[in-house]
1. Working only within the range 234-249, note down all residues that are within 10 Å of the ligand (Cβ to nearest atom) and within 26 Å of Ala145 (Cβ to Cβ).
2. Tell me the residue from Val292, Val270 that is in a loop (DSSP other than H, G, I, E, B), away from the ligand (no atom under 15 Å from the Cβ) and more than 22 Å from Ile7 (Cα to Cα), please.
3. Starting from the range 172-185, keep only residues that are touching a residue at least 24 places away in the same chain (Cβ under 8 Å), then list their pairs with residues that are surrounded by fewer than 15 Cβ atoms within 10 Å (Cβ to Cβ) whose Cβ atoms are within a distance under 6 Å, requiring at least 6 positions of separation or different chains.
4. Of the residues that sit in the range 187-199 and are under 19 Å from Ser244 (Cβ atoms) and small (Gly, Ala, Ser), which one is nearest to the ligand (Cβ to nearest atom)?
5. From the list Gly227, Gly264, which residue is within 16 Å of the ligand (Cβ to nearest atom) and more than 20 Å from Asp138 (Cα to Cα)?
6. Which numbered condition in (1) in a helix (DSSP H, G or I); (2) within 13 Å of the ligand (Cβ to nearest atom); (3) within 20 Å of Cys259 (Cα to Cα) is the only one that His111 fails?
7. Which one is nearest to Lys197 (Cα to Cα), of the residues in the range 151-175 that are away from the ligand (no atom under 13 Å from the Cβ) and crowded, with 21+ Cβ neighbours inside 10 Å?
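Read-outs: derived from the displayed coordinates by stated rules, not from any lab. From a predicted model like this one, the values you see are computed outputs, not experimental measurements. Please note: Cβ atoms are built from the backbone with ideal geometry, for glycine as well, and neighbour counts cover all protein chains shown.
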Amino acid sequence: MLTKVVIPVAGLGTRVLPASKAIPKEMLTVVDKPVIQHVVEEAVAAGFSEIILVTRSGKQAIEDHFDHHYELEAELARKGKDALRAAVSNTRPPNVEVVSIRQPQALGLGHAVLCAAHVVGDDDFAVILPDMLIDNADGKRDLTAMVERYNASGKGQIMVESVPEDQVQRYGIVDCGGTAVGKGEAAEIRGMVEKPKAEEAPSNLAIVGRYILPAAIMQLLKNTAPGAGGEIQLTDAMLELNASAPLEAYNMRGKVYDCGNKAGLLQANVAFGLRHPETSAELREFLATLEV
Ligand code: G1P
């Protein structure tokens, strides 16, 4: 059974500077919660109960967010503010464990995942890239659907979405041998390439930051040489694994916001804010006053 999810949070957050100078980019908020909390809630909803943060110095605020804050909780309880107290103490739901591992050097996503190897052990596991916030407002969560698909097929799953052709060089791109993969469907992967040039991309199916991986990937990561951008790439290790244990590309149904960049973070705030009971009416009214 899948219980473990690795969440790399050691990035510098250069695309959202200066906001991320003194606080981790993962702590920037979408409405009333930091992005990392939205992502942990997604993982917990999909059945994961062991959250493994791969972090670095200067990012303690993330660990604090999932810990108890005794003074605040006692004060809110004393004032009878029970709903707020529950919101503060339930950032880490009961039965969910959060542990953190350090990534001492920024050697790439593959290296970050490898740093968690001794905690992951022999279990298959998920990887979530927390910049990518997935919105499944109108239905089942894509990560949950991926877990179900893994449980049924036993095959590793990589979430993808179609992107415009001029954007393929920003992503890992998968090759499903020309099979049309409908939304909410999955197909076997034939190849994969990290950040290809537009003319060299095998498709426009981009990896969006949700993976369910066989434990065997860790062994391969140990020997993965630096690839695109001089970094140890998870995509390269997955391509190698795919030769012996075929992986599937799952085409997401929801919408993804890249909260590691300014425009994506703003868009996520508008989309989530328009649905939040405490902000929707006022935000809708405000947006209507703007001349856009
Ligand atoms: C990473 C992955 C890439 C994936 C992307 C999604 O790249 O290496 O395959 O498409 O995340 O955001 P990064 O954005 O860290 O350069």
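1. Let us first name the residues in the range 234-249 that are within 10 Å of the ligand (Cβ to nearest atom), namely 234-236, 238.
Within the range 234-249, Leu234, Thr235, Met238 qualify.
2. On the way: Val270 fails: in a loop (DSSP other than H, G, I, E, B).
Only one candidate qualifies: Val292.
3. Final answer for the pair search is Asp175/Gly191.
4. Filtering the range 187-199 down to residues under 19 Å from Ser244 (Cβ atoms) leaves 187-193.
Checking the rest, the ones that are also small (Gly, Ala, Ser) come to 187, 191.
Working: Ala187: 17, Gly191: 13 Å.
Looking at residues that are under 19 Å from Ser244 (Cβ atoms) and small (Gly, Ala, Ser), I get Gly191.
5. Numbers: Gly264 fails: more than 20 Å from Asp138 (Cα to Cα).
Result: Gly227 is the single residue among Gly227, Gly264 that is within 16 Å of the ligand (Cβ to nearest atom) and more than 20 Å from Asp138 (Cα to Cα).
6. (3)
7. Of everything passing the filter in the range 151-175, Gln157 is nearest to Lys197 (Cα to Cα).
Here's the yes/no breakdown for (1) of a type in the set (D, E, K, R); (2) farther than 27 Å from Val5 by Cβ:
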{"position": "Ala180", "(1), (2)": "no, yes"}
{"position": "Met192", "(1), (2)": "no, no"}
{"position": "Arg210", "(1), (2)": "yes, no"}
{"position": "Lys222", "(1), (2)": "yes, no"}
